[in-house]
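First up is the structure itself, then whatever we jot down about it.
The values are calculated or read from the model by the stated rules, or taken from the named source; none is laboratory data. Since the model is a prediction, treat every value here as computed from it, not as a measurement. All Cβ positions, glycine included, derive from the backbone under ideal geometry; neighbour counts span all protein chains shown. Protein only, heavy atoms only, side chains kept; ligands, DNA and RNA dropped before computing areas. Shrake-Rupley method; radii C 1.70, N 1.55, O 1.52, S 1.80 Å.
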Amino acid sequence: AYTLAVPHPPGTPFYVLLGRVWLIIVGFIASIVPISKEVAWHMNLLGLAFSVLSILLIYRMLLKIFRIWKGNNSQLTYIVVTFATSLAIAFYYTIWGNAVETEVYAAATFVFLLVNYLTLLWYESVKNGQPKNNYLLLSLYLIFLATGIHLTPFLIFFPVYFFIFYVERHYLKDVLLWLLGLFQVVFFTLAFLLPKALHVPALVVLIAILLAGFFLPISNISKYKNWRLFWAGILLVIVGFSTELYLPIRSRVLD
């Protein structure tokens, strides 16, 4: 992060860029406050910060789950139980181990939890009769932005879609939503999993999905009302993934 170099495959471009910004900020603070000026120590604090934020998210998620499913009664009980649970989780081996090393896993865990929290917010909005699909779009963006940190957060993609279809059953008949999900799966596999021999067929599938997303609303706008959600999702997926361009650009400069 300090030299803006390229880590081992598949690379962690967003985390490197984020780390560089973090080092600039903490370095400025270190020039004013009497703390260590060691770059490695500063970078180590980033994992710690993400771990603290993860515990905060767990606290918020548990509290929201209590309130959604149990109502607003026994608020003090909810707070005590949630706080105690979150405090215990903070000292779990995985959380603690990731918090004290300069690695990407704490950040990946934070994104994983944040997507869960945003999905809960969407569910709450649905329960209140005012669905806010912006939460879903932000989740899709974060999942693909997180590929520049670690590929683990993509695992939450399938549970999120299952949850959407479980909560809003009418989405099962939404062709554009299915196409959006298919686009993300093919796009991800093309970028990280498929051998070169299958790149062209995957690109053909992606182009076919985009053409379908364009022509279906034109043919029947009343039936395919979610066309804005489809194209916003496509755009956010591409923008989130765009940090991967850092790898070829920076490697060319280093060469």
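A simple charge model with +1 on the Cβ of Lys and Arg, -1 on the Cβ of Asp and Glu and nothing else charged puts the dipole of the chain at about 700 debye relative to its Cα centre. Here percent of Cα pairs over 24 Å apart was calculated from the structure, and among (1) 57; (2) 75; (3) 47 it sits at label (1).
With contributions of -39500 (n - 2.57) from each DSSP H run of at least four residues, the per-residue ellipticity at 222 nm computed over the chain stands at -24000 deg cm²/dmol. If you look at the Cα atoms of region 178-255, you get an Rg and a Dmax of 15.2, 53 Å. Spread over its residues, the convex hull of the C-alpha atoms of region 102-249 is 114 Å³ per residue. For Ser242, the solvent-accessible surface computed with a 1.4 Å probe is close to 50 Å², ligands and nucleic acids excluded. Set against the 2.2 N^0.38 Å expectation for a compact globular protein, region 138-211 has a Cα radius of gyration ratio of 1.18.
What fraction, in whole percent, of alpha-carbon pairs in region 55-96 exceed 13 Å separation? Cα-Cα pairs of region 55-96 separated by over 13 Å account for 51 percent. Of interest is the spacing of the C-alpha centroids, which for region 192-255 and region 58-74 amounts to 37 Å. The charge dipole of region 1-108, taken about its Cα centre with unit charges on the Cβ of Lys, Arg, Asp and Glu (plus for the first two, minus for the last two), comes to roughly 460 debye. Distances between every pair of Cα atoms in region 1-112, grouped in 5 Å steps from 0 to the bin holding the largest one, split as 2, 11, 17, 17, 15, 13, 10, 7, 5, 2, 0 percent.
Simple point charges give the picture: +1 on the Cβ of Lys and Arg, -1 on the Cβ of Asp and Glu, and for region 191-255 a dipole about the Cα centre of about 200 debye. Per residue, the chain exposes 57 Å² of solvent-accessible protein surface, assessed with a 1.4 angstrom probe and all protein chains in place.
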